[in-house]
Amino acid sequence: MKRAVLLTIAVAAAVLAGCAADPPATAPPPRDTHGDFVLPADAYAFTLPETGRIDLARELLAGRCMRRLGYAFDADAARREIPAGNDATVTDLGWYGNKRRYGVTDPAVAARYGYHLVNPNLGGTSPAPGFGTLTPAMRTALTGTCTREASTALSPDGVVGEADVVGALGSGSFRDSLHDPTVTAAFAQWSACMLESGRHYASPAVAGNEFDIDSPRITPAETAAASADVACKQRTHLLDIWHGFETTDQNSRIARDPAAFAAAKADHDAEMRRVAAVLAAEM
């Protein structure tokens, strides 16, 4: 089974039959992960740059279908907008999407942007790059015919995303971390540190909730709170403790069912090979 993921436009991958007995060796993370946190689950999940490639492949296939039905599609616009939106997402959320997993953690970002993301238009500027404004008829053709056709071209089962076991790995370790005595003790130390500057937060999960991060205005109060947040995380070693718990927890879960994670990695690799073939043909 696979868990669907939300993309600019959804894309699919087939599940490979059969798997190795042990998880395959994986390439080391890139040197520049944009300040991201790397977790064991990331060896089996899709990176954000890979998600961008999936989005683009699906958009180009759907656009070819729309042209055949008599609608305009600007492939060059899709090639510009989707990678640009993905680059912005990577800047904000990191290579693996974990950069804000533990809240704001970068002192420079906190001092300038507070709890805001660096890029306010996360994920691009258009829900359907290359199509312009969708009329009702275009929307029906796109969602009812062309996205389905593109999905079928990429995967016979029409299911996209990381395996269920990978999604459960990431969500499960985070959920368990919130109840681990060592982590919660670090939360308490962090809260005490924040209280020294007059900020009452029960945990990092609620830090900055009083600020409107959807507003274009970033106030001095917000940047001050975010900077104190990061400083207290560093002072209490909260990030090392929190990330360390998740790393150990995920490795333990993987070791209990290596065949399932080997299959998830095979799925991932097969999907990306299909995407590469589409991009090579369409670009």
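Brief remarks on what is shown
- Selected residue (only one of Ala163, Ala186, Ala128 is among the small types (Gly, Ala, Ser), in contact with a His (Cβ under 9 Å, 6 or more places away or on another chain) and within 30 Å of Leu279 (Cβ to Cβ)): Ala163
- Of residues in segment 59-82 being open to solvent by 60 Å² or more (accessible area, probe 1.4 Å) and outside any helix (DSSP H, G or I), the one farthest from Ala41 (Cα to Cα): Gly70
- Top-ranked residue in segment 153-171 [being closer than 21 Å to Ile82 by Cα and part of a helix (DSSP H, G or I); ranked as farthest from the chain's Cα centre (by Cα)]: Ala153
Okay, residues lined up against (1) under 25 Å from Thr105 (Cβ atoms); (2) basic (Lys, Arg); (3) touching a Lys or Arg at 6+ places or on another chain (Cβ under 6 Å):
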residue	(1), (2), (3)
Glu196	yes, no, no
Tyr201	yes, no, no
Ala205	yes, no, no
Lys233	yes, yes, no
Leu238	yes, no, no
Met272	no, no, no
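Every residue, every condition in (1) in a loop (DSSP other than H, G, I, E, B); (2) open to solvent by less than 70 Å² (accessible area, probe 1.4 Å); (3) in contact with a helix residue (DSSP H, G or I) (Cβ under 9 Å, 6 or more places away or on another chain), yes or no:
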position: Ser191; (1), (2), (3): no, yes, yes
position: Ser197; (1), (2), (3): yes, yes, yes
position: Asn209; (1), (2), (3): yes, no, no
position: Leu239; (1), (2), (3): no, yes, yes
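- Selection from segment 173-189 of residues that are part of a helix (DSSP H, G or I) and free of Cβ contacts under 8 Å to residues at least 24 places away in the same chain: Arg175, Pro181, Thr184, Ala185, Ala188
- Taking the criterion of being modelled with pLDDT under 90 and crowded, with 22+ Cβ neighbours inside 10 Å, the residues of segment 155-179 that qualify are Val160, Gly161, Glu162, Ala163.
- Qualifying position, being open to solvent by less than 40 Å² (accessible area, probe 1.4 Å) and within 12 Å of the chain's Cα centre (by Cα), among Gly94, Gly85: Gly94
The values are calculated or read from the model by the stated rules, or taken from the named source; none is laboratory data. Every value quoted in this text rests on a predicted model; they were computed, and no experiment measured them. We place every Cβ from the backbone using ideal geometry, glycine too, and count neighbours over all the protein chains shown. Each accessible area value is taken on the protein alone, full model and side chains, heavy atoms only, with ligands, DNA and RNA left out. Shrake-Rupley method; radii C 1.70, N 1.55, O 1.52, S 1.80 Å.
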